[in-house]
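Chemist: Take this structure first; my questions come after.
The values are calculated or read from the model by the stated rules, or taken from the named source; none is laboratory data. On a predicted model such as this, the values are computed, not experimentally measured, just so you know. Ideal geometry is used to build each Cβ from the backbone, glycine not excepted, and the neighbour counts take in all protein chains shown. Just the protein is used for accessible areas: all its heavy atoms, side chains included, with ligands, DNA and RNA removed. Shrake-Rupley method; radii C 1.70, N 1.55, O 1.52, S 1.80 Å.
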Amino acid sequence: MKLGLAYFGGYDQQKVDLEKEMGLQYVISGPTQLDPSLPAQSLESLSLLKKAYADQGLTLSIIEGPTPLDKVKLGLPGAEEELEVFKDLLRNCAKLDIRTICYNWMPVLGWFRTRTDIPTRGGATVTGFAQRDMEGVADTWAGKVPQERLWQTLEAFLREIVPLCEELGVRLALHPDDPPVPSLRGIGRILTSAAAFDRVFSLYDSPMNGMTFCQGCFATMGEDIPAAIRHFGKMGKIYFVHFRDVQGDRTNFHETFHDDGKTDMYEAMRCYYEVGFDGIARPDHVPTMVGEDDAMPSYGLQGNLFAVGYIKGLMEAVEKEMGLR
């Protein structure tokens, strides 16, 4: 397993320095525009981004949160234009040897929380979701979006995009719905169980059609994390890992420190090694700790520092147990 950090607020020199100090190499980023005059998906824009990290000794390896796809997901006019931009992104990523795209099928409302300031251990704060907080909240502008429409648009997307991915050698890593509830403000959610991902892989069978295994999402679903890692890992479908944990279930949960959730994190780590996962993992949804503001909940520096130390310790313990070091 390899470790990296996510950069969703743009290029961050302080985080770059921390990543280097922690001995990491890999960068996960959206298609950040360092030059606002360049389209985010263009070769020129992506080249600037990759070079900025390369100049620091880091490797831009995964694009997470790619170009907009809401019209594609909802089946609205303008979907073809969004698909063409996404295809352009894929082609340019291939030219730059960026081989994994993490995307989701959550239109309008992506990663969603009802609170971002829940106190946890020692006064740190975390994000969380409670279904009761959504009572009386109006639907979004998209109105009622049935689950079956999203299955239909996802299948159409895969049939359109995966052949290009096969040609280019770029893998699609689909992220689970977060939170994994049946619907949110009128919009259905479909990637809410392990069985849902089995369905995704049956829609289009390809080595380019895989998943981002987000442990926190599968934990809130109530799935057995080690069993799910073994299941999808043996299928060769885990392309990217979000290593995190939670307390609670899909209707009422909050994030935790990596050593304070409900998952057996050591067993989870051992499973990745058992199935031969050699891709990139990153810590996710870390607490905001003492002295930090909450400008980007879940992505503070100190929480990432704690998480990486914990994850590296698990990796070393598993590697020693398995005779790998």
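Chemist: In the structure shown, do any of Lys2/Lys73; Lys15/Lys312; Lys87/Lys144; Lys50/Lys312; Lys50/Lys87; Lys15/Lys237 have a Cα-Cα gap over 23 Å, and if so which?
Modeler: Distance filter (> 23 Å) returns Lys2/Lys73; Lys87/Lys144; Lys50/Lys312; Lys15/Lys237.
Chemist: Residue separation times 0.36 nm, minus the C-alpha to C-alpha distance between Glu44 and Arg230: what's the value?
Modeler: Net length gain for the segment: 63.0 nm.
Chemist: Using the Cα atoms of the chain, I'd like the radius of gyration and the largest Cα-Cα distance, Dmax, both in angstrom.
Modeler: Cα radius of gyration and Dmax of the chain are 18.9, 56 Å respectively.
Chemist: In addition: Could you tell me which of rounded, prolate or oblate describes the stretch 174-325, using a ≥ b ≥ c as the square roots of the eigenvalues of the alpha-carbon gyration tensor, with rounded for a/c under 1.5 and, failing that, prolate when a/b is larger than b/c and oblate otherwise?
Modeler: Oblate, because a/c is 1.5 or more while a/b does not exceed b/c.
Chemist: Order His258, His231 by their accessible area, 1.4 angstrom probe, all chains in place, largest first.
Modeler: His231, His258
Chemist: Gly313: net charge of surrounding residues, Cβ under 14 Å, Lys/Arg +1, Asp/Glu -1, itself excluded?
Modeler: Values: positive: Arg270, Lys312, Lys320, Arg325; negative: Asp259, Glu316, Glu319, Glu321.
With Lys, Arg at +1 and Asp, Glu at -1, the neighbours total 0.
Chemist: Pick from Leu89, Leu172, Leu109: which is most flexible by mean-square fluctuation in a GNM of the chain where alpha carbon atoms under 10 Å apart are linked?
Modeler: Leu109
Chemist: For the chain, what is the charge dipole size about the Cα centre, in debye to the nearest 20, if Lys and Arg each add +1 at the Cβ and Asp and Glu each add -1 at the Cβ?
Modeler: With Lys and Arg at +1 and Asp and Glu at -1, about 380 debye.
Chemist: What is the distance in Å between the Cα centres of the stretch 233-271 and the stretch 166-223?
Modeler: About 15 Å separates the Cα centre of the stretch 233-271 from the one of the stretch 166-223.
Chemist: Same structure, new question: Return the unpartnered cysteines for the chain, using a Cβ-Cβ cut-off of under 4.7 Å.
Modeler: Cys with no partner Cβ under 4.7 Å: Cys93, Cys102, Cys165, Cys271.
Chemist: Let me ask something else. Do the sum for the chain: with -39,500 (n - 2.57) for every DSSP H run of n ≥ 4, divided by all residues, what is the mean residue ellipticity at 222 nm, to the nearest 500 deg cm²/dmol?
Modeler: -12000 deg cm²/dmol
Chemist: Next up: Restricting to the chain, compute how many DSSP beta bridges are antiparallel as a %, nearest 5.
Modeler: About 30 percent, rounded to the nearest 5.
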